[in-house]
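Take a look at the structure below.
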Amino acid sequence: MTTGNDFLVYDSSRTESIGTRVITYKEPGALSFYEPPIAPPRRNFLPKGRLLKDQDRERQVRQILLHHDGHDSANETFRTLIHRGLSTHLIIDWEGVVWQPLALYDMAYHAAQVNEIAIGIDLNNPIHPDRQRGSRGHRPPPSAAMINGRRHVAVGYTDAQYRALVQVINGLQRIFRGIKAEAPIGPDGGVLDRKLAAPTAFSGVLGHWHVSATKWDPGPGFDWERVLIALRGNSFNFPVTLPGTENLARMPKQRALNLSEPYFDHIEQGDGGYFPLGAGQAWHTGVHLRVDEGTPVTAPANGHVVVARNARPDVKLGSPNVVVIRHEPKVAGTTIKFFSVLSHLRYVPFTGDETKVPAWMRKLAAKGGEYNWTGPDQPPALPGFEPLKREDVALADIPVEAGEVIGYVGTFNPALDDGPGSPEPKPLLDFALVSQSPVLPDQLGLLFVDEDEDEDILCNARTVWRHVVDDPEALRGLTEGGYPVPPSVIQEFYQSKALRREFRYMAVKHATEWSARTDFTGLFGGGVEFEWYLERQVRDFLGRYQKFFWWDEEVTAHTGLPADRRVWAYHPIMLLVRMAKLEARKAFDPGDAGPVEGVADLDRARREDAALEAEQGEAGGHGGEIQVKGFDVDEARQQTRDAVDDAWLNSWDPGEWQPE
């Protein structure tokens, strides 16, 4: 069984770690053009030693060429390439696993015009949705676009493929310094939709259609914006995808605010978990996203896990678990620092199916560490894996990438009264984004509110309350923290008033609900005179929710979060959308070279490219249009036990099929 490593192989003496799973030709039973399972019609590749001197290969390569393969697995792709006398350096399957059947040192036959200067990457994609046999993971619906003057339709790619592709490209850039983080940007400000006028002159990432007018891979479903943002800046995504929606990672960023409306509605139409004002008059730092228990939760941006807890759930209250991630991206030319807080995560056992244990947990376990707490009380946050294993708060510093699974949705019961007859815990994720200092105050277009200077959890900010109530006396009482408002009034505000939209654009500074040192007195009556009654209520509350608090002095020292536990909090959906839109400006910047031009006469270019590819045969390039002379591809496929019937590739006219 092939397990894989995390590196690409340049040659027998050099590898390059890329931080994702790679199965190279060196592993027993792996895909290898050096030891093909069936005899190809002729050699599939050109060894580097017959091409250039050893020291020249790294300087020679300056392009990455992307192909789609019309298949549902790397094995099918590999066998078809053998039958056609072709090759590729890398195949990325639906699960994001990178297969390397050929050393980067050698030249693959994958694109006649640029074989010598390009690394070939095949992305699993069956093209037509009816051919998605056995592939898993969410894929966007079919897309249609004009490519090289003809209309084409195809399904898109998985999140795992995009993450792996970006890691592969970053690794290739470290080996081949001539590869730039660029794609061909046309005069219209988007990726050029036709063959380049001078394909060999470009340095960067191209589709096969950019070097041959007969090709259209990687197809209309390939998200160039997503890849270019990841290569040039920062990727952002929502930690879960709501049913019937697309995640921010897949949205066109210029339209992301409108396309995120279902996420805002989902939060505001719920029975609680609003931002920034909870139904009980208290500040609520994050939002509630209600999805099925066990749904994977992903990191919203690149960062480091700095605080975590992994404990068994409370029968009445739900999951006390949390992962806190520190993010320090450079956005709009400014390095910023903020934290994502993902609460009510499901308990993950460390025994059993290891694939269910998030990678950051496995990395923390590998680091080990001592556990020195011997006191009778609940221990403070401590560094290392042992506190996490003992179900206490652990301090860490483990890198994670945007989109990486960091846990799974658990349950929570937001009711303060957990006595008989109280509601059962419900599946939900509490998601918050906070910072010590305002994040990009001049670029995000947010209203920054810092009127509430108390350590009390009750909201006393006039700017917030004036949207909810109209009565001047009530407004005065609320800003003084002693005026009771029924939860139904706040709930009705979120569910029925258009003014709730203004809350999305607020950034508010207040005390958080994550520390036992926060003053929770206001939740039990505010200004009543019976102090003994309040003390008992608060004491009982703190006792019940003790395992849900994670912020103590050790966390403050470890993370750099403010000692008074007053943070700037943002609507996490809005902050991610606004930052993603800023990053999108980088994606289609053509740089100093400016926009590139395509060929003027596509018909002529198609004829010339078809003739060239037919003449070169084995080196002609990937694609159902090209046949290897003297070799019956259809007959050979019937002899391959894992091959599939690809007849439709040669007969299907994509212009006749409309995407659903």
Query raised in the report: What percent do you get for the relative contact order of the chain when only Cα pairs under 8 Å and 6+ apart count?
Result: 16
Query raised in the report: What net charge is computed for the residues neighbouring Tyr570, neighbours being all others with C-beta under 10 Å from the C-beta of Tyr570, Lys and Arg scored +1, Asp and Glu -1?
Result: +2
Query raised in the report: Which percentage, to the nearest 5, of the DSSP beta bridges contained in the chain is antiparallel?
Result: 75
Query raised in the report: Mind checking the angle between helix 487-496 and the chain's longest principal axis? C-alpha axes, 0 to 90 degrees, to the nearest 10.
Result: 30
**Report entry** Helix axis angle, 602-616 relative to the chain longest principal axis, alpha carbon, degrees
**Finding:** 70
Query raised in the report: Karplus couplings for segment 499-514 from phi (6.51 cos²θ - 1.76 cosθ + 1.60, θ = phi - 60°), rounded to Hz, Gly and Pro as x?
Result: 5, 4, 4, 5, 5, 5, 9, 8, 10, 10, 9, 6, 6, 9, 8, 9
Query raised in the report: Roughly how many debye, to the nearest 20, is the charge dipole of the chain about its Cα centre, given +1 on each Lys and Arg Cβ, -1 on each Asp and Glu Cβ, and no other charges?
Result: 1600
Requested in this report: Using the structure shown, list the pairs from Lys363/Lys586; Lys330/Lys547; Lys180/Lys581; Lys180/Lys363; Lys337/Lys426 with a Cα-Cα distance above 28 Å, or answer none.
Outcome: Lys363/Lys586; Lys330/Lys547; Lys180/Lys363; Lys337/Lys426
Requested in this report: May I ask for the distance between the Cα centers of segment 471-493 and segment 575-614, given as a whole number of Å?
Outcome: 55
Report task. Positive end of the charge dipole of the chain (Lys, Arg +1 and Asp, Glu -1 on Cβ, about the Cα centre): tell me which of Leu66, Ala365, Thr214 has its Cα farthest that way. Result -> Thr214
Report summary line: Once the dipole of the chain is set up from charges on Cβ (+1 Lys and Arg, -1 Asp and Glu), the residue from the list Ala415, Val508, Leu433 lying farthest towards its positive end is Leu433
**Report entry** Within-9-Å neighbourhood charge of Gly207 [Cβ basis; K, R +1; D, E -1]
**Finding:** 0
**Report entry** Cα long-axis angle, helix 159-175 against the chain (0 to 90 degrees, to the nearest 10)
**Finding:** 60
Query raised in the report: What does a probe at Arg151 reach in segment 184-211, counting residues whose amide N is under 18 Å from the point 7 Å along Cα→Cβ?
Result: 193-194
Query - Positive-pole candidate from Thr80, Leu534, Pro376, dipole of the chain, charges at beta carbon - result: Thr80
Query raised in the report: How large is log10 I(q)/I(0) at q = 0.12, 0.16, 0.17 Å⁻¹ when the Debye formula is applied to the Cα atoms of segment 1-111, each weighted equally and without solvent?
Result: -0.40, -0.73, -0.83
Query - Of all DSSP beta bridges in segment 248-575, antiparallel share, percent nearest 5 - result: 90
Query raised in the report: Tally Lys and Arg at +1 and Asp and Glu at -1 over the other residues with C-beta under 10 Å from the C-beta of Gly403: what net charge comes out?
Result: -2
**Report entry** HN-Hα J in Hz across segment 447-459 - Karplus 6.51, -1.76, 1.60, θ = phi - 60°, x for Gly and Pro
**Finding:** 9, 8, 10, 10, 6, 8, 9, 7, 8, 6, 6, 5, 7
Report summary line: In units of 2.2 N^0.38 Å, the Cα radius of gyration of segment 248-575 is 0.98
Query raised in the report: Across all directions of projection, what mean area in square nanometres is found for the Cα convex hull of segment 258-314?
Result: 6.1
Query raised in the report: Can you give the Kirkwood hydrodynamic radius for the chain, in Å, rounded to one decimal and based on Cα pairs?
Result: 27.2
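Rule-based calculations on the coordinates, nothing more; no lab input. Computed from a prediction, not measured in an experiment: that's the story for all the values here. So basically every Cβ, Gly included, is an ideal-geometry build from the backbone, and we count neighbours across all protein chains shown.
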